[in-house]
């Protein structure tokens with residue numbers, strides 16, 4: 001059970017020595033504004049007890065290395081944790097605290113591009129063509145122009161033509177050695193895996209070498225690639241263990257919404273479009289059929305993340321629909337991943353609105369913590385929910401049924417109609433989502449799990 005954290009917005013401890021005396025934005029400032037609200041790794045440590053109580057046993061942190069942006073995808077030193085997050089000492093403390101609880105920690109590796117402040121690129125800016133690091137990047141015009149005006153060419157390749165994200169030259173052995181040393185360093189320091197940013201934009205042979213380094217240090221470390229769609233080319237055993245399974249996320253939301261879906265976010269790899277039961281099942285079956293069973297069990301399954309609108313936003317703030325989507329998430333092989341704040345009803349829209357501060361001092365807008373604990377327990381108790389052994393079928397217009405030997409799960413997404421279903425003899429209900437359910441009937445936006453007595 002994974003919990004994704006955007007560190008600057010998760011929790012501010014106030015005890016990081018490097019951040020003392022600095023001017024931070026007030027906690028809860030509009031996430032659309034630039035600047036830093038001061039969440040840090042000591043704050044993550046402070047939250048570990050509550051996260052573990054929620055059922056979390058793995059943390060995934062978006063980038064934490066030194067950077068001049070609050071999302072830190074603009075690294076300027078891969079060997080230093082950002083001082084605003086507490087520095088390297090804070091990460092050491094977090095690793096120790098996580099492992100003491102039997103939990104795991106996965107870091108975000110951004111190895112396609114760096115920031116303009118990255119030491120080798122800064123050398124290029126200052127020295128131009130005579131810089132010994134000129135071949136660390138893809139320069140096509142001198143002098144380079146790292147701060148171009150509108151319509152001007154920056155002179156070098158960068159991610160999605162954004163000048164503040166110069167693309168690294170992976171054909172240069174020195175670049176490869178540097179990045180592989182980063183992978184090795186933090187694994188040796190104690191992290192348990194890497195989530196890899198935009199890996200499809202990096203030469204595939206680099207990831208072969210990356211995997212070899214990871215396996216040398218820790219054969220059990222998890223390697224997860226940010227591939228949003230068909231990842232068969234990456235999951236044959238040479239590159240990644242799993243990917244961010246966005247297909248499961250958008251399809252589950254699109255069904256659970258029962259037509260009440262905010263479709264304003266336009267991304268062909270995260271299409272929020274209403275789905276009926278047969279369409280949903282076909283997407284799940286196609287996705288699962290792409291991969292070997294052991295790969296499906298190594299996927300990171302998620303409804304949303306820092307890159308897409310929050311699930312509750314996409315569901316037009318319908319908390320009951322979100323409960324159904326979470327239930328579907330927990331019924332798939334792979335590791336369910338919860339984006340921070342989902343459990344208390346955060347509902348920010350498209351990036352950067354989905355990166356809002358966690359409201360620690362406020363009452364939850366929607367308290368799903370009890371439900372999440374129940375889902376973690378159910379998944380632990382009933383192996384069919386995680387093994388990939390559930391057989392799904394549509395039930396009427398608004399229902400789904402999942403069956404396995406001795407197991408029956410029924411879900412009703414309708415907002416106004418009851419759903420009738422048949423159940424074998426000797427089956428008894430062991431869990432209900434919603435209220436007033438009786439055997440054979442589901443009330444609107446509810447679910448029931450029955451097992452053989």
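A few comments on the model shown:
- Among the residues of the stretch 168-182, not one is surrounded by fewer than 18 Cβ atoms within 10 Å (Cβ to Cβ) and part of a strand (DSSP E or B).
Each row is one residue, and each column tells you yes or no for (1) in contact (Cβ under 8 Å) with a residue 60 or more places away in the chain; (2) in the same structural domain as residue 225 (by TED's automatic domain parsing); (3) touching a helix residue (DSSP H, G or I) at 6+ places or on another chain (Cβ under 7 Å).
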site: 115; (1), (2), (3): no, yes, no
site: 141; (1), (2), (3): no, yes, no
site: 144; (1), (2), (3): no, yes, yes
site: 148; (1), (2), (3): no, yes, no
site: 185; (1), (2), (3): yes, yes, no
site: 188; (1), (2), (3): no, yes, yes
site: 191; (1), (2), (3): yes, yes, yes
site: 194; (1), (2), (3): yes, yes, yes
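- Cβ pairs under 8 Å, 6+ apart, first in the stretch 207-220 and in the same structural domain as residue 195 (by TED's automatic domain parsing), second surrounded by fewer than 14 Cβ atoms within 10 Å (Cβ to Cβ) and in a helix (DSSP H, G or I): 217/188
- Residue among 45, 95 that alone is touching a helix residue (DSSP H, G or I) at 6+ places or on another chain (Cβ under 9 Å), under 27 Å from residue 379 (Cα atoms), touching a residue at least 60 places away in the same chain (Cβ under 8 Å) and surrounded by fewer than 22 Cβ atoms within 10 Å (Cβ to Cβ): 95
- Helices (runs of 4 or more DSSP H) contained entirely in the stretch 227-327, each with at least 1 residues that are farther than 17 Å from residue 341 by Cα, in the same structural domain as residue 214 (by TED's automatic domain parsing) and within 15 Å of the chain's Cα centre (by Cα): 246-256
- Selection of the stretch 135-157 for residues being within 30 Å of residue 212 (Cβ to Cβ) and surrounded by 19 or more Cβ atoms within 10 Å (Cβ to Cβ) yields 136, 137, 139, 156.
- Odd one out for residue 15 among (1) within 16 Å of residue 307 (Cα to Cα); (2) in contact with a helix residue (DSSP H, G or I) (Cβ under 7 Å, 6 or more places away or on another chain): (1)
The values are calculated or read from the model by the stated rules, or taken from the named source; none is laboratory data. The structure presented is a predicted model; accordingly, all values stated were derived computationally and were not measured. Don't worry about glycine lacking a Cβ; one is built from the backbone with ideal geometry, like all the others, and counts go over all protein chains shown.
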